[in-house]
1. Evaluate the Kirkwood expression for the hydrodynamic radius of the stretch 24-147, namely the inverse of the mean inverse distance over all pairs of different C-alpha atoms, and round to one decimal in Å.
2. Could you check how many percent of all C-alpha pairs in the stretch 60-120 are farther apart than 17 Å?
3. If one takes the longest principal axis of the Cα atoms in the chain, at what angle in degrees, from 0 to 90 and to the nearest 10, does the Cα axis of helix 85-95 lie?
4. Roll a 1.4 Å probe over the protein chains and send me the accessible area per residue for the stretch 1-68 in Å².
5. Tell me the Rg and the Dmax, in Å, that the Cα atoms of the chain produce.
6. What is the helix-to-structure angle for 3-19, meaning the angle in degrees between its Cα long axis and the longest Cα principal axis of the chain, kept from 0 to 90 and rounded to the nearest 10?
7. Net charge near Arg130: determine it from the other residues with C-beta under 13 Å of the C-beta of Arg130, scoring Lys and Arg +1 and Asp and Glu -1.
8. Which net charge results when you count Lys and Arg as +1 and Asp and Glu as -1 among the other residues whose beta-carbon is under 15 Å from that of Glu4?
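The values are calculated or read from the model by the stated rules, or taken from the named source; none is laboratory data. Everything quoted here is computed from the prediction, not taken from an experiment. When we count neighbours, we look across all protein chains shown, and the Cβ atoms used for this are built from the backbone with ideal geometry, even at glycine. Accessible surface is based on the protein model in full, side chains and every heavy atom, while ligands, DNA and RNA are left aside. Shrake-Rupley method; radii C 1.70, N 1.55, O 1.52, S 1.80 Å.
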Amino acid sequence: MLSETKEKAELTAQIIAEQKNTVILTGAGMSTESGVPDFRSESGWWRKIDPLTIATAEAVEENYTLFHEFYSNRLSALSDCRPHEGHYCLERWEKTGLVKLVATQNVDGFHQEAGLVNVEELHGSIQRFRCHNCGVEAAKEKFMKKSACASCGGKLRPNVVLFGEMLPETAWKRSMELVEKAELVLVVGTSLQVYPVNQLPALTRGKTAIINRDETFAETDFDLAMKGSAKEVLLYMDNYLKNAGF
Ligand code: APR
């Protein structure tokens, strides 16, 4: 880990410990060390597939075979992946009262699987399903088997936010409210390319920090910008907090 990253990680951990009012915002870079591809870095999904041909309401309606293949493949791959130690650091920080909320763009459910209670899924969840037509909930196996909606015969889809769709209102409002009141917003593993989530950090009255492997070109907007691996830096911060009695 870069020595500059270590210094900034310690400064960030000090704010987390002193203020006990941190909101964490995560992206796909939080799950790559669990074996889940992200979207826009070298090995990301959108380097292979144009998202506008597959992650849209039009794809559900016009190209369901491709849509279903993409999401069922992601679900099958995800079933072999688990949260990593970095997810469990965030869970410990919630349990010890340091972190008030994890707002995530991720749909994998790893934060909840790691035991976090205060999680807002701003882009929905790939682990829950509904009918695209009537909205009735559906079971995973019905989606995986490409069954039609039991209620209206419509197409089943995961409960993720597709491009052009609205974010879940409650999740967005609660995330905005807690970010505004936070003393620190710590962003982990996101390119900050997608609106409106990329607007959240600037809404806080507190300090802002980011841990990211590649350049996001938003580093200068952050008080503390750390270049590095989510798992490694979170573990470093967790160790620092434990040594400081938190
Ligand atoms: N540690 C730190 N950063 C990492 C790691 C890691 N182990 N692995 C990847 N990253 C960084 C990458 O450098 C990249 O900048 O995480 C970022 C992930 O960015 P994206 O792939 O764009 O993912 P994300 O920002 O979450 O995308 C937002 O776009 O397609 C939509 O709905 C999708 O929620 C997603 C949204």
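1. 15.7
2. 50
3. The helix 85-95 is inclined about 70 degrees to the chain.
4. Per residue, the stretch 1-68 has an accessible area of 48 Å².
5. 18.4, 58
6. Helix 3-19 sits roughly 90 degrees off the main axis of the chain.
7. Here the count lands on +3.
8. Taking every other residue near Glu4 into account, the sum is -2.
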